[in-house]
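Presented below is the structure to which this report refers.
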Amino acid sequence: MDTDKWPQFYREVYRCLKPGGWIEHIEAPPVVAPAHGGIITQNSPCHVWNNFFFAAASKTGRGFEAPDLESMSSAGFTDMKTRVQTLPIGVWPKDESFKRIGAVMQKLLCNNLDGLALRLAWDLGFGTQEMQMVFMQVRRDLQRPDNLFCIECSMAWARKPGAT
């Protein structure tokens with residue numbers, strides 16, 4: 001959803017919630033980051049992927065925004081809390097719960113590259129076959145066990161005042 005539609009979205013959620021109800025808004029940009037202070041080399045397919053999304057954001061005037069607390073507050077929400085959570089991509093974490101999360105994130109990204117990017121690619125003048133090659137390379141990069149990648153999710157919670 002475009003960020004300029006968030007104020008309307010928050011007002012509608014507020015209208016639909018019972019007093020005391022909560023909204024949870026999570027934004028996870030499709031940009032891959034290195035974990036544990038690593039780097040993504042310039043020849044990495046994930047570097048190409050990230051640059052594609054930054055170019056798309058620049059061309060469309062849209063960025064990767066955290067949930068809009070000001071608009072939540074304007075809609076009437078209170079008790080707002082935020083958090084940024086780094087989620088692994090792949091099964092490299094030692095912690096079992098993060099290992100499971102990483103497996104899900106890896107599968108989610110690998111299975112949805114087309115849906116995340118193809119329409120933007122067409123708008124930027126890329127062809128379907130060209131992007132399919134990029135997707136294949138990114139999938140391979142995401143699935144390499146020696147690549148420690150993650151994604152940063154911005155999360156916000158807010159409550160509609162009233163009975164709980």
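No lab work stands behind these numbers, since they all come straight from the coordinates. Owing to the predicted nature of the structure, the values given are computational and were not obtained by experimental measurement. Here the Cβ is made from the backbone with ideal geometry for all residues, glycine too, and neighbour counts use every protein chain on show.
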Summing -39500 (n - 2.57) over the DSSP H runs of n ≥ 4 in the chain and dividing by its residue number, what mean residue ellipticity at 222 nm do you reach, to the nearest 500 deg cm²/dmol?
-15500 deg cm²/dmol
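For the pair N43 and E96, what calculated FRET efficiency results from E = 1/(1 + (r/R0)^6), where r is the Cβ-Cβ distance and R0 = 41 Å, to the nearest 0.05? Provide the component values of the computation, followed by the final result.
Working: r = 33 Å, r/R0 = 0.81.
In this case the efficiency is close to 0.80.
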Within 10 Å, count the other beta carbons around each residue, average over each peptide in 122-134, 24-36, and list them highest first.
24-36, 122-134
Distances over 19 Å make up what percent of all Cα-Cα pairs in the stretch 41-97?
61 percent
Which part of the stretch 138-157 falls in the paramagnetic zone of W22, meaning amide N under 19 Å from the point 7 Å along Cα-to-beta-carbon?
153-157
To one decimal place, what orientation-averaged projected area in nm² is obtained for the convex hull of the Cα set of the chain?
11.0 nm²
To the nearest 10 degrees, the tilt of helix 96-123 (Cα long axis) against the first principal axis of the alpha carbons of the chain is 80 degrees
Round to the nearest 0.05 the FRET efficiency obtained for M155 and T60 when R0 = 35 Å and r is the Cβ-Cβ distance.
0.90
Determine, for K99, K160, the number of other Cβ atoms within 10 Å of each Cβ, and report the residues in order from fewest to most.
K99, K160
In the neighbourhood of Q106 defined by beta carbon distances under 15 Å, the net charge of the other residues (Lys, Arg +1; Asp, Glu -1) is +4
Label model pair T128, R11: point-to-point distance (7 angstrom along the Cα→beta-carbon line) in nm is 4.0 nm
Anything over 24 Å Cα to Cα? Flag those among K59/K81; K81/K160; K5/K81; K5/K59; K5/K99, in the order listed.
K59/K81; K5/K99
